[in-house]
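Notes to accompany the following structure.
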Amino acid sequence: EEYNSSQVSPYVKGQQLIVTGNKANIRQEPSLEAKVVGYWIKEDEVTVYGYVFSEDRWWIKTDPNKEWWVSERNLEV
């Protein structure tokens, strides 16, 4: 996996996170350059289905069947 990192994840699969920003872009890959395919809005609850460390931030996979990735900077526990 190209996104592997020596970082220890603060997240676990199945965990619930809350969107803190007004809008959290959903990207088709864990990258700021990736296409935006939708967004979560403030106070939405999202489930962690996966996570990778890339571009100095954690990316959270927020759908079990789609490549929907959100930056940790828009989420909190």
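The values are calculated or read from the model by the stated rules, or taken from the named source; none is laboratory data. All values derive from a computational prediction rather than experimental measurement. Here the Cβ is made from the backbone with ideal geometry for all residues, glycine too, and neighbour counts use every protein chain on show. Just the protein is used for accessible areas: all its heavy atoms, side chains included, with ligands, DNA and RNA removed. Shrake-Rupley method; radii C 1.70, N 1.55, O 1.52, S 1.80 Å.
Can you tell me how many residues within region 44-62 are assigned to a strand (DSSP E or B) and more than 16 Å from E29 (Cβ to Cβ)?
Going residue by residue through region 44-62, those that are assigned to a strand (DSSP E or B) are 45-47, 50-54, 57-61.
Add one more test, that the residue is more than 16 Å from E29 (Cβ to Cβ), and what stays is 45-47.
Matching residues across region 44-62 total 3.
If you take the residues of region 3-38 that are open to solvent by 60 Å² or more (accessible area, probe 1.4 Å) and closer than 16 Å to E76 by Cα, which of them is modelled with the lowest pLDDT? This residue is P10. Taking (1) open to solvent by 50 Å² or more (accessible area, probe 1.4 Å); (2) without any contact (Cβ under 8 Å) to a residue 40 or more places away in the chain; (3) part of a strand (DSSP E or B) in turn, N65 satisfies each apart from (3).
Of all the criteria given as (1) over 10 Å from W69 (Cβ atoms); (2) assigned to a strand (DSSP E or B), the one not satisfied by E33 is (2).
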